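What follows is a set of notes on a single structure, which appears directly below.
Read the figures in this text as sums done on the coordinates, not as results from a lab. Everything quoted here is computed from the prediction, not taken from an experiment. Note that we place each Cβ from the backbone using ideal geometry, even for glycine, and neighbour counts take in every protein chain shown.
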Amino acid sequence: MPVDVATIMLMYPVVSLSMAAAMLVVAWGRWRDDGLAPWAAGVLMIAVAFPLFIANSLLSNQLPALMVVGNTLLAASYSASLVAICRFFGRPCSLWKILVPVVAAVVGSLVLMDRPEARVAAGGALFSLHGGMVAREALRRDNGVLERGRLLLALGVGMVIALYLQRSIGVLLGWNEVAHLGSSHFIQVGSHVMGLAGLVLTTMGFILMGRERANARHQQQALLDPLTGVPNRRALMDALERALAQAGRERRPVALLMVDIDWFKRVNDTYGHLAGDAVLVAVAQCLRGALRGQDFIGRYGGEEFLALLPGTDASGARMVAEHLRTRVEHLAMPWASETIRVTVSIGGHARIPDDAAGAQAMVDVADQAMYAAKRAGRNCVELLNVPLPQAAADSAVSV
């Protein structure tokens, strides 16, 4: 079946314009976010470049100048992709990476304007290198976890690189028809098909990168307390369940500290709720900064925080608790023309986990110990070492 190459080529501006329009709508009002705008600009350049190629292939007296402008736009589109990826990952893009390939495309196209075979061979090599720069920028290790979006983008770039390489190789093998875009040579047809597929895959990959980042942010926000920025109760309980399961397998102790700000209602009544919020934030950061890397601190609710200490026995838990208490006691929080100071009462429990009781029972014991610290005069530490099932039952009766 004969292949209408002109129709295939016409799909480039149609697909490019559709994708660029969709991306610009999404990017509207946030031009500096996630690189959507420069990526859409690059796709628009492709949409402009291919009508020039089509016009040149249909003219009886071809105008090489159209190829020069088209190749320049193609090089600029890949540079725009580089800018988009760098902006997505929040890093600057080297100016030479943006300008040198474009200048090389202009100079090469002008020098080889009347030598189509040489222009195609040289252009294929240049655009392959340019595509490799885009793929390398997307696949850098410091970009974080390699997710599906970046893999899809890299696959699309790989197809684009392959199409340019096969065009260069075709010319070097003497298949001069490859140098004429309207030719129905199998390499020419294959190049157009791979180019369309690469355009779609790279753009879908970039969009998917943004979606994956948004999903990750939403998941992270769902596990963080919006005021203090530390993990919330859900994240705390999940971490405690995991820590208990691991410690049970390894027969290692786990400690849990319940930290409550003393007389917090007085802070709100005296200075206002904004000051109370500032105190919560300051205490949360103070507690987090005083813990080890393997420890876990979060806001359990109200003015209560939980500190999870893996691999820590009762004596170690008491040392950590006293350290936290002292840090908060010396914390000075300026507010208006005054300085707010608070203390904390800390209750704790340490054990080697077994199957008798779960995470909530351990929290209940730490909570009882914290109330014991309150009864002892506040600004102190109390640890309870009662069996968990008994403690949970006593807690239920006291309620």
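Just to confirm the number: angle between the C-alpha axis of helix 233-250 and the first principal axis of the chain, 0 to 90 degrees, nearest 10?
Around 80 degrees separate the two axes.
Given Cα pairs under 8 Å that are at least 6 residues apart, what percent is the relative contact order of the chain?
11
I need the phi-derived Karplus couplings for the stretch 274-289: 6.51 cos²θ - 1.76 cosθ + 1.60, θ = phi - 60°, integer Hz, Gly and Pro marked x.
Ordered by residue, 3J(HN,Hα) equals 5, 5, x, 4, 5, 5, 4, 5, 5, 5, 4, 5, 5, 5, 5, x Hz.
I need to check one value: relative contact order of the stretch 298-369, counting alpha carbon pairs closer than 8 Å and at least 6 residues apart, in percent.
Reported as a whole number, the value is 25 percent.
Apply the Karplus parameterisation 6.51 cos²θ - 1.76 cosθ + 1.60, with θ equal to phi minus 60°, to every residue of the stretch 166-171 and state each ³J(HN,Hα) to the nearest whole Hz, in sequence, with x for glycine and proline.
Working through the residues one at a time gives 5, 5, 5, 5, x, 5 Hz.
So what is the orientation-averaged projected area of the chain, using the convex hull of its C-alpha atoms, in nm²?
Over every viewing direction, the Cα hull of the chain projects on average to 28.3 nm².
Please list, in chain and number order, the residues 5+ apart from residue 383 or on another chain whose amide H is under 5 Å from its amide H, with Hs placed from the backbone.
Sorted by chain and number, the residues that satisfy this are 348.
Separation between the residue 233 and residue 151 pseudo-spin-labels, each 7 Å from Cα along Cα→Cβ, expressed in nm?
3.8
On full extension of the chain, what length is gained from residue 165 through residue 304, given 0.36 nm per residue of separation minus the C-alpha to C-alpha distance?
Extra length available between residue 165 and residue 304 comes to 43.8 nm.
With θ set to phi - 60° and the Karplus curve 6.51 cos²θ - 1.76 cosθ + 1.60, what are the ³J(HN,Hα) couplings of the stretch 139-156 in order, to the nearest whole Hz, using x for Gly and Pro?
Karplus values, whole Hz, x for Gly and Pro: 9, 4, 5, 6, 6, x, 4, 7, 9, 5, x, 5, 5, 5, 4, 5, 5, x.
Among DSSP beta bridges whose residues both lie in the chain, state the antiparallel percentage, nearest 5.
So the antiparallel bridges amount to about 90 percent of the total.
Given a Förster distance of 30 angstrom, what is the FRET efficiency for residue 216 paired with residue 374, based on the Cβ-Cβ distance and rounded to 0.05?
For R0 = 30 Å, the calculated efficiency reads 0.15.
Work out the P(r) tail for the stretch 233-398: percent of alpha carbon pairs separated by more than 22 Å, whole number.
40
Expressed as a whole percent, how much of the Cα-Cα distance distribution for the stretch 29-156 exceeds 22 Å?
That tail contains 39 percent of the Cα-Cα pairs.
For residue 105, what is the net charge nearby, where nearby means another residue's Cβ is under 14 Å from its Cβ and Lys, Arg count +1, Asp, Glu -1?
Local net charge: +2.
Report, in cubic angstrom per residue, the convex hull volume of the C-alpha atoms of the stretch 183-326.
It is 161 Å³ per residue.
What does the stretch 5-222 give for Rg and for Dmax, in Å, if only its C-alpha atoms count?
According to the Cα coordinates of the stretch 5-222, Rg and Dmax are 17.4, 63 Å.
Which residues' amide hydrogens lie under 5 Å from the amide hydrogen of residue 230, considering only partners 5 or more residues apart or on another chain, with H built in the peptide plane?
Here 225 satisfy the definition.
With springs only between Cα atoms under 10 Å apart, run a GNM on the chain and tell me which of 385, 232, 215 wobbles the most.
It is 385.
Taking 8 Å as the Cα distance limit and 6 or more residues as the minimum spacing, I'd like the relative contact order of the stretch 5-222 as a percentage.
That works out to 20 percent.
Which of 201, 58, 126 moves most in a GNM of the chain, Cα contacts under 10 Å?
With Cα springs under 10 Å in the chain, the top fluctuation among 201, 58, 126 is at 58.
Under the rule of -39500 (n - 2.57) per DSSP H run of 4 or more residues, summed and divided by the residues of the chain, what mean residue ellipticity at 222 nm is obtained, to the nearest 500 deg cm²/dmol?
Estimated from H runs of four or more residues: -22500 deg cm²/dmol.
Students often check this: by mean Cβ neighbours within 10 Å, which of 221-230, 104-113 ranks highest, and how do the rest follow?
104-113, 221-230
Going by average Cβ density within 10 Å per residue, which order do the peptides 76-85, 149-158 take, highest to lowest?
Ranking the peptides 76-85, 149-158 by packing returns 76-85, 149-158.
Ranked highest first by the average count of other Cβ atoms within 10 Å around their residues, in what order do 328-335, 255-262, 42-49 fall?
Taking the mean over residues of other Cβ atoms within 10 Å, the ranking is 255-262, 42-49, 328-335.
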